[in-house]
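The values are calculated or read from the model by the stated rules, or taken from the named source; none is laboratory data. Worth saying up front: this structure is predicted, and the values here are computed from it rather than measured. Note: ideal-geometry Cβ built from the backbone for every residue, glycine included; neighbour counts use all protein chains shown.
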Amino acid sequence: MTLRFWKTSSGRSPVEEFITKLRDAGVQQAIYDMLELIETSDQKDLMASGTLDPVAGYKPLLETRIRRGKSRYRLLSVTMEAICWALHMFPKKSQKIPPKELDTAMKRAKTVIN
């Protein structure tokens with residue numbers, strides 16, 4: 001599956017910026033390892049393993065959870081035609097995804113889908 005980062009109209013990639021601003025190189029590497037897994041795997045396998053999980057009530061969003069030590073992050077994405085679009089990434093602080101984070105990802109998803 002091809003991995004692409006969603007970009008603003010000015011060419012900024014919020015997901016890539018989020019990753020590069022992290023202070024812990026080990027956390028950055030764990031994120032890059034997960035992104036590589038997504039890019040080198042089949043979507044069916046990623047769904048079956050739970051690497052890509054549908055976000056209930058927010059079709060077509062998919063969630064990927066990334067952990068390293070005590071650090072927890074969520075990546076929200078959509079897939080279309082064997083392309084996984086990394087839309088939004090943020091620290092995981094609770095069981096549920098905050099509405100603000102879902103809204104951000106859904107707005108970005110609409111620009112990819114339309």
So is ILE19 farther than 16 Å from MET1 by Cβ and free of Cβ contacts under 8 Å to residues at least 60 places away in the same chain or not? no
Working carefully through the options MET80, MET89, find the one that is within 15 Å of the chain's Cα centre (by Cα) and at pLDDT below 95. MET80
Conditions (1) assigned to a helix (DSSP H, G or I); (2) under 16 Å from ARG74 (Cα atoms); (3) without any contact (Cβ under 8 Å) to a residue 12 or more places away in the chain -> LEU37 fails only (3)
Answer from LEU75, LEU46 - the residue that is surrounded by 18 or more Cβ atoms within 10 Å (Cβ to Cβ) and either in contact with a strand residue (DSSP E or B) (Cβ under 8 Å, 6 or more places away or on another chain) or not in a helix (DSSP H, G or I) (or both): LEU75
Condition test on ARG74, is it out of contact with any helix residue (DSSP H, G or I) (no Cβ under 6 Å at 6 or more places or on another chain) and over 22 Å from ARG12 (Cβ atoms)? no
With respect to the numbered conditions (1) under 21 Å from VAL112 (Cβ atoms); (2) free of Cβ contacts under 8 Å to residues at least 40 places away in the same chain, which one is the sole condition not fulfilled by GLN29? (1)
Within segment 49-72, track down each residue that is touching a Cys at 6+ places or on another chain (Cβ under 9 Å) and in a loop (DSSP other than H, G, I, E, B). LEU52
Note on segment 69-111: residues free of Cβ contacts under 8 Å to residues at least 40 places away in the same chain and of a type in the set (A, V, I, L, M) are LEU76, VAL78, MET80
All but one of (1) modelled with pLDDT of 95 or more; (2) within 13 Å of the chain's Cα centre (by Cα); (3) surrounded by 13 or more Cβ atoms within 10 Å (Cβ to Cβ); (4) not hydroxyl-bearing (Ser, Thr, Tyr) hold for PRO60, so report the exception by its number. (1)
